[in-house]
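This report concerns only the one structure given below.
The values are calculated or read from the model by the stated rules, or taken from the named source; none is laboratory data. Bear in mind that the values here come from a model prediction, so they are computed numbers and not experimental data. Ideal geometry is used to build each Cβ from the backbone, glycine not excepted, and the neighbour counts take in all protein chains shown. When the accessible area is computed, the model is the full protein with side chains, heavy atoms only, and any ligands, DNA or RNA have been set aside. Shrake-Rupley method; radii C 1.70, N 1.55, O 1.52, S 1.80 Å.
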Amino acid sequence: MGKIRFFLLSFLIVFFISSSLFAAQGDKEAGRKIYDKKCWWCHGEKGEGNGPAAEFLLPPPRDFTLGVYKYKSSPPGQVASDDDIFRMISDGMPGSMVGTAMPAWKDVLSEKDRWDLVAYIKSLTDIFESEKASGQISFGSEVSSSEDSINKGKEAFKKAKCFECHGENGKGDAVKKLKDDWGFRVWPRNLTKPWTFRAGSEPKDIFTRVSVGIPGTPMPSFADPKSETKLSDDERWHVVNYVKSITDDSKKIKEGEIVVKAKNIEGELPADVNAPEWNNASATAYQMVPQIIAKERFFKPTNDGITVRALFNDKEIAFLLEWDDRTKSIPGDADAEKLSEGEVFEDAVAIQLPTSIPEAMQKPYFGHGDKEMGVNQWYWSSGNAAAAKVIDSTGLGSGKARDAAKTDVKGKGEYKAGVWRVILKRSLTTANAKDELQFEAGKFIPIGFANWDGSNGEKGSKHTMTTWYWVLLEPKAGSKVYTYPAAAIIVLVVGQLWFARSMRKDYEK
Ligand code: HEC
Ligand code: HEC
């Protein structure tokens with residue numbers, strides 16, 4: 001017994017000493033070797049944040065020569081602790097497409113390698129020679145979520161003026177142009193999409209961010225005694241619960257969800273983007289990535305997803321397209337111009353459909369169709385928010401706007417507190433069966449989406465887009481549904497995953 005206990009104890013001691021040994025003195029030279037293999041192409045040969053990939057990344061890779069770390073848990077005003085830097089290297093920064101490209105390294109590099117990297121990147125500045133973090137901030141005692149705490153959090157959100165940057169509903173749409181200390185444009189985080197938070201969305205992570213702030217950026221500390229908007233420990237926990245409570249799951253992209261299920265309703269389709277009927281339709285969110293097939297210069301997108309709902313009756317079908325957009329962009333609009341870096345174009349959205357329902361789940365070429373199978377694009381833009389137009393196309397560059405008299409596609413859009421909602425509506429069947437899709441219930445119809453953020457210089461072929469998905473008009477009860485073998489559906493799902501990943505890879509390159 002005693003022997004085993006002794007053995008265990010010495011094992012624990014050795015384990016403890018060795019892991020803290022790594023922590024205390026990672027080997028800087030060993031770290032440099034790993035850095036020169038794995039990190040330089042983003043962070044730059046000398047750690048200045050200017051590797052060859054940097055130009056494609058927003059936010060750009062960190063410049064380590066300043067010694068400023070955004071995501072740290074040491075008290076405000078102190079440098080990051082070794083543990084903070086180690087955590088960032090290990091976990092990376094998850095985020096959406098428009099999030100950040102800092103990968104997680106814990107499955108790629110050993111613990112020792114990661115501590116060696118900490119030592120190396122700390123040596124790229126001399127600040128750590130004179131300053132040291134005292135440890136972590138105090139967490140007080142965690143307040144668990146409840147209606148009462150959420151309400152108090154909402155009050156604290158006002159008191160601390162979070163809304164001045166994050167917008168009244170937390171969409172990150174406040175009317176300020178913000179820069180970080182490196183001179184780059186930064187956008188306040190969209191708090192309704194916690195999966196885009198860089199340093200975790202567990203209550204403790206959010207508490208840390210609100211307490212420490214994000215050094216190098218306008219996101220302030222709310223625990224700093226010098227701050228005018230200081231919040232108590234409890235108030236910060238309430239804010240955390242409030243932030244968690246405004247999560248908008250309808251904007252979350254769920255891999256494998258590839259069908260817009262249009263719901264059949266009795267009576268008129270809603271004309272109002274906020275009509276309660278839309279809540280009956282299921283919401284599906286799709287990822288949007290920068291368009292890269294037309295030779296448009298690569299750009300850094302600001303919008304990453306679109307949520308789609310569809311309703312139909314015996315005459316018409318209507319799509320509600322919803323996306324979070326921090327800026328309402330209308331050319332000539334003074335507010336939009338204040339927020340934009342360059343010329344302001346229109347915000348816009350488009351649905352792409354084939355001209356007829358393809359056999360056996362085929363799809364036209366996703367870049368505007370092809371000679372065999374053309375597409376109709378229903379296009380709406382903010383400059384003419386109460387209308388829509390149709391563009392017919394049989395391949396890139398061949399698009400022609402259809403004569404307004406020859407289509408009954410109607411559009412209507414509204415912007416509110418960081419969100420665009422746009423309705424695009426058409427009759428199920430039309431007189432132009434030859435070159436316009438005729439909707440039929442129970443059949444899988446390819447559908448794709450494109451989006452333009454006019455304050456991000458997006459116009460023409462510079463835009464974000466999805467791949468092809470499907471829209472299925474719910475068949476009447478008892479009727480025969482077009483069915484496909486499970487294998488075909490699996491191939492489709494895998495295809496979409498592949499698309500998302502390969503686009504993402506291109507994006508990270
Ligand atoms: C694909 C590009 C890419 C690669 C490769 C990469 N990084 Fe990063 N890294 C980034 C980006 C982008 C950021 C900034 C993200 C932000 O500000 O939201 C970043 C940020 C960081 C941060 C700062 C965290 C903070 O709190 O400020 C650390 C530390 C870091 N990287 C370490 C590394 C190390 C070590 C490696 C190599 C093992 C590495 N990175 C490889 C893109 C990359
Ligand atoms: C002066 C502007 C400003 C104020 C006020 C502000 N924020 Fe922020 N916040 C930002 C910016 C900018 C970012 C993103 C920084 C970046 O991406 O580099 C951010 C990021 C965040 C994040 C994301 C953390 C992560 O891991 O990605 C959270 C959560 C957050 N803020 C919550 C709050 C709360 C809660 C308040 C009020 C108590 C608040 N912010 C007040 C500007 C602000």
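Things worth noting here:
- Residues satisfying the stated conditions in the stretch 63-79, i.e. touching a residue at least 60 places away in the same chain (Cβ under 8 Å) and either part of a loop (DSSP other than H, G, I, E, B) or in contact with a strand residue (DSSP E or B) (Cβ under 7 Å, 6 or more places away or on another chain) (or both): D63, G67, V68, Y69, K70, Y71, K72, S73, S74, P75, P76, G77
- Pairs, first more than 16 Å from S393 (Cβ to Cβ) in the stretch 358-374, second crowded, with 18+ Cβ neighbours inside 10 Å, C-beta under 6 Å, six or more apart: M361/F444
- Flag for D403 being over 27 Å from E266 (Cβ atoms) and modelled with pLDDT of 85 or more: no
- For the stretch 315-342, filtered to residues that are modelled with pLDDT under 90 and of a type in the set (D, E, K, R), the residue that is least open to solvent (accessible area, probe 1.4 Å) is D333.
- Take the conditions (1) open to solvent by 50 Å² or more (accessible area, probe 1.4 Å); (2) part of a helix (DSSP H, G or I); (3) more than 8 Å from ligand 2 (Cβ to nearest atom); N241 misses just one of them, which is (1).
Let's see how each residue does on (1) near ligand 2 (Cβ under 10 Å from one of its atoms); (2) surrounded by 17 or more Cβ atoms within 10 Å (Cβ to Cβ); (3) at pLDDT below 95:
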{"residue": "E129", "(1), (2), (3)": "no, no, yes"}
{"residue": "K132", "(1), (2), (3)": "no, no, yes"}
{"residue": "S144", "(1), (2), (3)": "no, no, no"}
{"residue": "I150", "(1), (2), (3)": "no, yes, no"}
{"residue": "F157", "(1), (2), (3)": "yes, yes, no"}
{"residue": "P188", "(1), (2), (3)": "yes, yes, yes"}
{"residue": "T192", "(1), (2), (3)": "no, yes, no"}
{"residue": "F197", "(1), (2), (3)": "yes, yes, yes"}
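- Flag set for S329, criterion: of a type in the set (S, T, Y), out of contact with any Lys or Arg (no Cβ under 8 Å at 6 or more places or on another chain) and assigned to a loop (DSSP other than H, G, I, E, B).
- Residue check for A386: in contact with a Gly (Cβ under 9 Å, 6 or more places away or on another chain), open to solvent by 50 Å² or more (accessible area, probe 1.4 Å) and among the small types (G, A, S): yes
- Answer from P364, P354 - the residue that is modelled with pLDDT under 95, closer than 14 Å to V471 by Cβ and open to solvent by less than 10 Å² (accessible area, probe 1.4 Å): P354
- Filter pass, V175 being in the same structural domain as K154 (by TED's automatic domain parsing), of a type in the set (V, I, T) and within 12 Å of ligand 1 (Cβ to nearest atom): no
- Of the candidates G51, G44, G92, the single residue that is within 11 Å of ligand 1 (Cβ to nearest atom), surrounded by 20 or more Cβ atoms within 10 Å (Cβ to Cβ) and free of Cβ contacts under 8 Å to residues at least 24 places away in the same chain is G44.
- Extreme residue, farthest from G92 (Cα to Cα), among residues of the stretch 168-186 that are within 9 Å of ligand 2 (Cβ to nearest atom) and open to solvent by less than 30 Å² (accessible area, probe 1.4 Å): A174
- Considering (1) away from ligand 1 (no atom under 16 Å from the Cβ); (2) in contact (Cβ under 8 Å) with a residue 12 or more places away in the chain; (3) in contact with a helix residue (DSSP H, G or I) (Cβ under 7 Å, 6 or more places away or on another chain), the lone condition that F163 does not fulfil carries the number (2).
- Per the listing T307, T302, the residue uniquely modelled with pLDDT under 95, in contact with a helix residue (DSSP H, G or I) (Cβ under 6 Å, 6 or more places away or on another chain) and open to solvent by less than 30 Å² (accessible area, probe 1.4 Å) is T302.
- Unmet requirement for R421, which otherwise passes all of (1) modelled with pLDDT of 90 or more; (2) assigned to a loop (DSSP other than H, G, I, E, B); (3) basic (K, R): (2)
- Top-ranked residue of the stretch 99-120 - restricted to ones that are within 15 Å of ligand 2 (Cβ to nearest atom) and open to solvent by 30 Å² or more (accessible area, probe 1.4 Å), ranked as modelled with the lowest pLDDT: M102
- Hits in the stretch 251-283 (condition: in contact (Cβ under 8 Å) with a residue 12 or more places away in the chain, in a helix (DSSP H, G or I) and either open to solvent by 30 Å² or more (accessible area, probe 1.4 Å) or closer than 19 Å to R426 by Cβ (or both)): E277, W278, N280
- Per-region count, the stretch 361-379, residues assigned to a loop (DSSP other than H, G, I, E, B) and not basic (K, R): 11
- Check on P203, without any contact (Cβ under 8 Å) to a residue 40 or more places away in the chain, more than 10 Å from ligand 2 (Cβ to nearest atom) and not assigned by TED's automatic domain parsing to the domain that holds S455: no
- In the stretch 400-448, the residues that are among the acidic types (D, E) and open to solvent by 30 Å² or more (accessible area, probe 1.4 Å): D403, D408, E414, D435, E440
- Restricting attention to the stretch 74-87, the residues that are within 10 Å of ligand 1 (Cβ to nearest atom) and either touching a Ser or Thr at 6+ places or on another chain (Cβ under 9 Å) or at pLDDT below 95 (or both) total 3.
- Some residue of the stretch 181-188 being within 16 Å of ligand 1 (Cβ to nearest atom) and without any contact (Cβ under 8 Å) to a residue 12 or more places away in the chain: yes
- Test set (1) near ligand 1 (Cβ under 8 Å from one of its atoms); (2) surrounded by fewer than 19 Cβ atoms within 10 Å (Cβ to Cβ) - P61 fails condition number: (2)
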